[in-house]
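The values are calculated or read from the model by the stated rules, or taken from the named source; none is laboratory data. Being a predicted model, the structure only gives us computed values, none of them experimental. Here the Cβ positions follow ideal geometry from the backbone for every residue, glycine too, while neighbour counts run over all protein chains shown.
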Amino acid sequence: MSVLSVSPEVVAIESEADIVTARQEGRMLAARLGFACADVTVVGTAICELARNILLYAGNGSITLRPLNSEERQGVLVIAADSGPGIADVAQATAGGYSTSGGLGLGLCGVRGLVDEFEIVSDVGRGTTVTVKKWSR
């Protein structure tokens with residue numbers, strides 16, 4: 001697997017409008033890579049959830065989008081990063097049903113279920129980075 005030699009698309013997340021922009025950019029990338037319509041929607045949904053978490057919990061951050069290429073298929077790499085308060089208990093936050101904002105607590109758990117690869121690194125007081133990959137079928 002390799003990352004194509006294409007500059008990543010970075011969308012600053014500072015407002016609701018930026019969530020829409022990040023989702024649209026991710027959908028367009030997936031479509032350009034030949035993803036099926038349903039998977040284009042999945043990519044957009046995952047990006048929307050990650051960007052919304054950035055805005056809700058950190059106030060601002062970024063979504064980085066990059067195409068992936070393996071011998072068998074194409075993929076989309078999404079990196080959601082912020083310098084917010086971090087997550088004290090990552091396992092609890094990603095298990096589902098836990099929310100500090102009064103929501104359903106399905107954001108990170110839902111994203112994990114949508115994508116093929118999911119990684120989260122969070123340091124309390126320093127921020128959170130979620131890296132996900134979705135591969136074409």
Out of (1) at pLDDT 85 or above; (2) under 22 Å from LEU29 (Cα atoms), the one ARG137 does not meet is (1)
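Quickly run through the range 52-73 and pick out the residues that are under 11 Å from the mean Cα position of the chain (by Cα) and assigned to a helix (DSSP H, G or I).
ARG52, ASN53, ILE54
Taking only the range 12-53 into account, find how many residues are charged (D, E, K, R) and farther than 15 Å from VAL115 by Cα.
6
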Residue pairs within 6 Å by beta carbon, gap of at least six or interchain, first lying in the range 119-131 and surrounded by 14 or more Cβ atoms within 10 Å (Cβ to Cβ), second of a type in the set (Ser, Thr, Tyr) and not in a strand (DSSP E or B), listed first then second, are GLY127/SER83
Picking from GLU9, GLU71, the residue that is in contact with a helix residue (DSSP H, G or I) (Cβ under 8 Å, 6 or more places away or on another chain) and of a type in the set (Asp, Glu) would be GLU9
Result of the Cβ filter at 6 Å on the range 68-87, keeping first residues that are under 14 Å from VAL121 (Cβ atoms) and partners that are among the charged types (D, E, K, R) and surrounded by fewer than 17 Cβ atoms within 10 Å (Cβ to Cβ), at least 6 apart or interchain, is GLY86/ASP123; GLY86/ARG126
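Residue-wise test of (1) part of a helix (DSSP H, G or I); (2) surrounded by fewer than 20 Cβ atoms within 10 Å (Cβ to Cβ).
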residue	(1), (2)
ARG23	yes, no
GLY34	no, yes
ILE47	yes, no
LEU50	yes, no
GLY75	no, no
VAL78	no, no
GLY110	yes, yes
One residue is enough: does the range 13-26 have a residue meeting the conditions without any contact (Cβ under 8 Å) to a residue 24 or more places away in the chain, among the small types (Gly, Ala, Ser) and farther than 14 Å from VAL132 by Cβ? yes
LEU50: passes all of (1) at pLDDT below 95; (2) closer than 14 Å to THR129 by Cα; (3) of a type outside the set (S, T, N, Q) but (1)
Test ALA12 against the stated conditions and say whether it is under 14 Å from the mean Cα position of the chain (by Cα), over 17 Å from ILE120 (Cα atoms) and of a type in the set (A, V, I, L, M, F, W, C).
yes
Considering the range 80-106, residues that are among the small types (Gly, Ala, Ser), closer than 20 Å to GLY44 by Cα and modelled with pLDDT of 85 or more, and then whichever is surrounded by the most Cβ atoms within 10 Å (Cβ to Cβ), we arrive at ALA80
